[in-house]
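All remarks here apply to the structure that follows.
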Amino acid sequence: RFPDASGRQPQGEPISADEDVGCCLRTTLDVDTVVNTLRAKCHPCAVSDDPGRYLCNWIYWLSLRTANAFNANGAPKELGKTIRSLFVHTPPFDVVDFETQ
């Protein structure tokens, strides 16, 4: 594990004080369909249930929490939409070049 910018390496702690450690947010998108569509276009990809640690985990958690809050408050329904979130890790350019990404 690598420490964050402040030197912390939290383990077994919730991201937010108002969430339980066991709280797990998940996307409502059909991830398998997204992956199969990308693979059909020759983009190598895989499904993962681990966004990583530090910024990736926090960004994904916050985006899922924000989408859930918007959906729960009915704002998107007024627009006829549901807000969804998905986190995608992209490989470094030395693995998949810029033009391909």
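The values are calculated or read from the model by the stated rules, or taken from the named source; none is laboratory data. Predicted model only: the values in this text are computed from it and were never measured. We place every Cβ from the backbone using ideal geometry, glycine too, and count neighbours over all the protein chains shown. SASA here: full protein model, heavy atoms, side chains in, ligands and nucleic acids out. Shrake-Rupley method; radii C 1.70, N 1.55, O 1.52, S 1.80 Å.
Might you let me know whether region 62-74 holds any residue that is open to solvent by 50 Å² or more (accessible area, probe 1.4 Å), among the charged types (D, E, K, R) and under 21 Å from residue 14 (Cβ atoms)?
There is at least one residue in region 62-74 that is open to solvent by 50 Å² or more (accessible area, probe 1.4 Å), among the charged types (D, E, K, R) and under 21 Å from residue 14 (Cβ atoms).
Could you tell me how many of the residues in region 68-101 are small (Gly, Ala, Ser) and under 10 Å from the mean Cα position of the chain (by Cα)?
Qualifying residue count for the region: 1.
Quick check on region 26-48: of everything there that is farther than 30 Å from residue 2 by Cβ and free of Cβ contacts under 8 Å to residues at least 12 places away in the same chain, which residue is most open to solvent (accessible area, probe 1.4 Å)?
Selected residue: 41.
What do you reckon, is residue 65 within 13 Å of the chain's Cα centre (by Cα), within 23 Å of residue 2 (Cα to Cα) and without any contact (Cβ under 8 Å) to a residue 60 or more places away in the chain?
So residue 65 fails the test.
Here is a check on your reading of the model: is residue 59 touching a residue at least 12 places away in the same chain (Cβ under 8 Å), of a type outside the set (Phe, Trp, Tyr), touching a helix residue (DSSP H, G or I) at 6+ places or on another chain (Cβ under 6 Å) and open to solvent by less than 90 Å² (accessible area, probe 1.4 Å)? Full working, then the answer.
On the way: touching a residue at least 12 places away in the same chain (Cβ under 8 Å): yes; of a type outside the set (Phe, Trp, Tyr): yes; touching a helix residue (DSSP H, G or I) at 6+ places or on another chain (Cβ under 6 Å): no; open to solvent by less than 90 Å² (accessible area, probe 1.4 Å): yes.
Spelling it out, it is not the case that residue 59 is touching a residue at least 12 places away in the same chain (Cβ under 8 Å), of a type outside the set (Phe, Trp, Tyr), touching a helix residue (DSSP H, G or I) at 6+ places or on another chain (Cβ under 6 Å) and open to solvent by less than 90 Å² (accessible area, probe 1.4 Å).
Quick test of your reading of the structure: residue 51 fulfils all but one of (1) closer than 28 Å to residue 2 by Cα; (2) open to solvent by less than 70 Å² (accessible area, probe 1.4 Å); (3) touching a residue at least 40 places away in the same chain (Cβ under 8 Å). Name the failing condition by number.
Of (1) closer than 28 Å to residue 2 by Cα; (2) open to solvent by less than 70 Å² (accessible area, probe 1.4 Å); (3) touching a residue at least 40 places away in the same chain (Cβ under 8 Å), only one is false for residue 51: (3).
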